[in-house]
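Let me begin by presenting the structure, written as structure tokens, before commenting on it.
The values are calculated or read from the model by the stated rules, or taken from the named source; none is laboratory data. Everything quoted here is computed from the prediction, not taken from an experiment. Counting neighbours? That spans all protein chains shown, and the Cβs are built from the backbone with ideal geometry, glycine included.
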Amino acid sequence: MKKLGALALSTLILSSLAISANAAFVANTTDVGSIKYTIPQGYAEHKLDGVISEGEYQEIEFTTNELSFAAYDDASIDASAGNDISLYMSYDADYVYIAATTIAKGYVCEFEPGDCGNIWGSYAVQLSFAAADEVDASMRLETGYAKSSTTGDLLFTNWNDGMAIGYDAAENNDFTVDVGADTITYEVRVPWEAFGEKKLVEGDSFLFSIVWATGTSTGGAADQYIHEQLAYGITGDPGKDVTGHATITLGAALEAPVVEVPETPVEGTDAPAAETPVAPVTADAGIVAAVAVMAAAAGVVLSKKH
């Protein structure tokens, strides 16, 4: 997990030229052209169960400088600096897989299925995808995922369907949200065709950004949003912009750990024959033997006298 220090964030606020006196936004200080990650193909079966298991994903190691922040007020941006957030990704022939975690403290999401367009103002994740060479924001796929704090329903919304395929995500099949005591875990899979014209393979790239939303809006509103964002282009300044997304490249498959199996005897082979123990000659046995010899000798002498 990435824990963002308040001191580091304050430095960003003071040094960033992208923030004005009244704007609740802090830009990433790392140039977006340098925000690049390589993700592997997993070796374990992906189970969207709210558990990040070994072999399913690889963690994306980002820095505070690669994040931007947006909120309804400056104090909320400062408060979000202490949040623990993390991101994991992988892929296979049909899907890209994303797992993300954030804090559960203060969790609220007062929405219901079919009426969740404003989940970005509460606890949710927003994802944005585009082809590697895309510059037109209208061609992006932008989706949101959450879990209702009032009904327990899983929530999905498609804010922008750039490929115009009517993309819809099925709960517990294409995504899940697990709300624990301390951590919220989001797991999502998205098919390649939802944001591009072909299935991607090792060596190919695409554009991607994510918003970890931990807003406190209630009653279906979005007036108290709090966002932490990888790179930029979903929330805050300058708005929707896929050229501000990170570049994700598909890498080699993860190597499954080698499990050593102890050797077992080959069926049908004979085990070494056990040696038959020889009983030791004891003192008593020796005396008995001597007496027997003497008796035998005496018998021979007597027979000769006859």
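Looking for something in contact with a Pro (Cβ under 7 Å, 6 or more places away or on another chain) and either modelled with pLDDT of 95 or more or surrounded by fewer than 21 Cβ atoms within 10 Å (Cβ to Cβ) (or both) - is there at least one such residue anywhere in region 39-62? So far as region 39-62 goes, yes, one or more of its residues are in contact with a Pro (Cβ under 7 Å, 6 or more places away or on another chain) and either modelled with pLDDT of 95 or more or surrounded by fewer than 21 Cβ atoms within 10 Å (Cβ to Cβ) (or both).
Would you mind finding the one in 103, 98 that is touching a residue at least 60 places away in the same chain (Cβ under 8 Å) and under 25 Å from residue 224 (Cα atoms)?
After ruling out the rest, the residue left standing is 103.
Taking the criterion of being surrounded by fewer than 14 Cβ atoms within 10 Å (Cβ to Cβ), of a type outside the set (D, E, K, R), more than 18 Å from the chain's Cα centre (by Cα) and over 15 Å from residue 155 (Cα atoms), the residues of region 165-214 that qualify are 165, 166, 181, 201, 203.
Going through region 186-200 one residue at a time, which ones are farther than 24 Å from residue 51 by Cβ and not in a loop (DSSP other than H, G, I, E, B)?
Hits for region 186-200 are 192, 193, 194.
Based on this model, can you work out whether residue 122 counts as within 27 Å of residue 223 (Cα to Cα), in contact with a Gly (Cβ under 6 Å, 6 or more places away or on another chain) and among the polar types (S, T, N, Q)? Yes: the conditions hold for residue 122.
Give me the pairs: first residue in region 133-162 and hydrophobic (A, V, I, L, M, F, W, C), second residue surrounded by 18 or more Cβ atoms within 10 Å (Cβ to Cβ) and in a helix (DSSP H, G or I), beta-carbon distance under 8 Å, and six or more apart or on different chains, which are they? Short answer, once both residue conditions are applied: 135/242; 137/242; 139/242; 141/194; 146/119; 155/119. Of the residues in region 84-102, at least one is of a type in the set (Asp, Glu), closer than 25 Å to residue 149 by Cα and part of a strand (DSSP E or B).
In this structure, is residue 235 of a type in the set (S, T, N, Q), within 16 Å of residue 133 (Cα to Cα) and surrounded by 15 or more Cβ atoms within 10 Å (Cβ to Cβ)?
It is false that residue 235 is of a type in the set (S, T, N, Q), within 16 Å of residue 133 (Cα to Cα) and surrounded by 15 or more Cβ atoms within 10 Å (Cβ to Cβ).
With respect to being modelled with pLDDT of 95 or more, among the polar types (S, T, N, Q) and not in a strand (DSSP E or B), residue 158 falls outside the description. Against the test of being at pLDDT 95 or above, within 18 Å of residue 96 (Cβ to Cβ) and either of a type in the set (S, T, N, Q) or not in a strand (DSSP E or B) (or both), the options 166, 152, 203 yield a single qualifying residue, 203.
Hey, could you check region 113-152 for residues that are of a type in the set (S, T, N, Q) and over 23 Å from the mean Cα position of the chain (by Cα) and say which is surrounded by the most Cβ atoms within 10 Å (Cβ to Cβ)? Looking at the filtered set, the residue picked out is 118.
Within region 238-263, restricting attention to residues that are among the acidic types (Asp, Glu) and touching a residue at least 40 places away in the same chain (Cβ under 8 Å), the residue that is surrounded by the most Cβ atoms within 10 Å (Cβ to Cβ) is 241.
Among the numbered conditions (1) surrounded by 17 or more Cβ atoms within 10 Å (Cβ to Cβ); (2) in a loop (DSSP other than H, G, I, E, B); (3) touching a Phe, Trp or Tyr at 6+ places or on another chain (Cβ under 8 Å), the only one that residue 110 does not meet is (3).
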